[in-house]
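Below is one structure, written out as structure tokens; the observations come after it.
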2 protein chains.
Amino acid sequence: MSQAIDFYFDFSSPYGYLASEKIDDLAARHGRKVKWRPILLGVVFRQTGGAPLTSIPLKGAYSLHDFARSARFLDVPYEHPKRFPLSTQHAARAYYWLHDQDCAAARMFAHAVFRSLYTEGRDVSDMAVVLDIAAGQQVERSALAAALAGEVLKDRLKAECEAAIARGVFGSPYIVVDGEPFFGADRLPQIERWLASGGF
Amino acid sequence: MSQAIDFYFDFSSPYGYLASEKIDDLAARHGRKVKWRPILLGVVFRQTGGAPLTSIPLKGAYSLHDFARSARFLDVPYEHPKRFPLSTQHAARAYYWLHDQDCAAARMFAHAVFRSLYTEGRDVSDMAVVLDIAAGQQVERSALAAALAGEVLKDRLKAECEAAIARGVFGSPYIVVDGEPFFGADRLPQIERWLASGGF
């Protein structure tokens, strides 16, 4: 059995969302599974000096335009959220909590978070919204709320972010195929060729 | 006659080089010409707070890897130069001087600069190397040397950089098709579809 592909992303990353709509099908075409690993870009940027794209002079305005155009190019629905960028620790922690119980449910939840943010403009930085999204996926709201209030999940996400940085992750999406790193939704065609050819 | 495509780049930009090997053929497939416009990223970065990719923690190491892999993906020869990043004002000024006399000669010279840097590792920050490259393209060395020593060309390049920034250019390559901006060699497929469909 081939190794799973690692898919690192922040729920607040538009290019992460675009990749999330493509990566599983792409991997499946080559008999691969994908491990989804939400991280917090804020933590990463403290190491790299990075900043949210939309805050960068000139590049910010372009990025807003490119998010929407790249979505059309990839045939993915997209509406830029009014609240952006936004913090995503509750969503990321909820993902890992769910994942430890039911991997498939966590995947559905992650899709729901991304789509809530990028097609409905819901404020997923709000814990109540995260709980609503999870409840919509048949997750027991009170159990998740209790977990999100505790320290265990906070430590878990912190450890995930640290492990990602130690591996070289500096942005979202960051996808690792058999040790080969690819940064950006625009590397999907390279990933496709890499999987088809075993490297190039 | 359709409007020319504007191709902004810095000669020190590996992704600018990759785009330079593709953009003319891509444009020609859709009956378009390309205007090449070398700029200095150093001037742009003073406005945007940007930095050379290879100087950024984590992203730097990835970028070196991605330059070479993206070149293989696009089937373009590439060897990362020992001296990098490097200043390219002499090459950019020589380009505009040539361009005002002979557009086709300027295009050949620009290709020669990029290929000298990215396939032979020549130090194109050195004025003597720029003069050698130009001489190899049947340019009169002493006339170019005199022009490079004067103020007119310095002001010309400065004005080109300022005009580019005023237009929103924040990196290399930055390509404008009928007012639509595309940043990065990885946007070539979007440009191709844009030209084929008149937008999407």
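Only the coordinates and a few stated rules stand behind these numbers; no lab work does. Computed from a predicted structure; not experimentally measured. Here the Cβ is made from the backbone with ideal geometry for all residues, glycine too, and neighbour counts use every protein chain on show.
Full extension from residue B:28 to residue B:162: what is 0.36 nm times the residue separation minus their Cα-Cα distance, to one decimal in nm?
Working: separation 134, 0.36 × 134 = 48.24 nm, distance 2.85 nm.
Full extension from residue B:28 to residue B:162 adds 45.4 nm.
Within chain B, what is the longest stretch that has no GluC sites (Glu not before Pro) placed in a DSSP loop and near at most 14 other beta-carbon atoms within 10 Å?
Answer - B:1-78.
With springs only between Cα atoms under 10 Å, which of B:157, B:41, B:86 fluctuates most in a Gaussian network model of chain B?
B:86
Could you work out the mean count of beta carbons from other protein chains within 10 Å of each residue's beta carbon in A:56-63? Present the calculation step by step, with values, prior to reporting the outcome.
Values: counts 4, 8, 12, 7, 2, 3, 8, 2.
The shielding value for this peptide is 6.
May I ask you to report, in nm to one decimal and beginning with the shortest, the distances from residue B:33 to the same position in the other copies, taking label points 7 Å along Cα-to-Cβ?
Its label point is 5.8 nm from the equivalent points in the other copies.
Pick out, in residue order, every one of the trypsin sites (Lys or Arg not before Pro) in region A:62-106 that is DSSP loop and has at most 15 other C-beta atoms within 10 Å; say none if there are none.
Numbers: sites: A:69, A:72, A:82, A:83, A:93; in loops: A:82, A:83.
Here the trypsin sites (Lys or Arg not before Pro) that fit, given the DSSP loop and packing criteria, are A:82, A:83.
Kindly identify the protein assembly as shown as rounded, prolate or oblate by the Cα gyration tensor criterion: order the square roots of the eigenvalues as a ≥ b ≥ c, call it rounded if a/c is under 1.5, otherwise compare a/b with b/c, prolate if a/b is larger, else oblate.
On the way: a/c = 2.23, a/b = 2.18, b/c = 1.02.
Prolate.
Counting DSSP beta bridges in region B:5-197, what percent are antiparallel, to the nearest 5? Could the numbers behind the result be given before it?
Details: 7 of 12 bridges.
Once the DSSP bridges in region B:5-197 are tallied, antiparallel ones form about 60 percent.
Counting helices only, and only those DSSP H runs with n ≥ 4, report the 222 nm mean residue ellipticity of the protein assembly as shown as the sum of -39,500 (n - 2.57) divided by its residues, in deg cm²/dmol to the nearest 500. Intermediate results must be reported in sequence, preceding the final value.
Numbers: 20 runs with 222 residues, N = 400.
Theoretical 222 nm ellipticity from helices: -17000 deg cm²/dmol.
Nearest 5 is fine: what % of DSSP beta bridges in the protein assembly as shown come out antiparallel, could you say? Let's see the in-between values first.
Values: 14 of 24 bridges.
Restricted to the protein assembly as shown, the bridges split so that about 60 percent are antiparallel.
With respect to the symmetry axis carrying chain A onto chain B, which residue of chain A exhibits the smallest Cβ distance to that axis, and what is the value in whole Å?
Nearest Cβ to the rotation axis, residue and whole-Å distance: A:186, 2.
Could you pull the copy-to-copy label distances for residue A:178, with points set 7 Å along Cα to Cβ, in nm to one decimal and sorted shortest first?
4.2
Hand me the tally of lysine pairs in chain A: alpha carbons under 26 angstrom apart, and the pair either on different chains or 8 or more positions apart. Working shown, then result.
Details: A:22/A:33; A:22/A:35; A:22/A:59; A:22/A:82; A:33/A:158; A:35/A:154; A:35/A:158; A:59/A:82.
Summing the qualifying lysine pairs gives 8.
Just to be sure I understand the model, the point goes 7 Å from the Cα along the line to the Cβ. What's the resulting residue A:2 to residue B:119 distance in nm?
The two pseudo-label positions are separated by 3.3 nm.
Label position 7 Å from Cα toward Cβ: report the copy-to-copy distances for residue B:55 in nm, one decimal, ordered from shortest.
Computed spacing set for this position: 2.0 nm.
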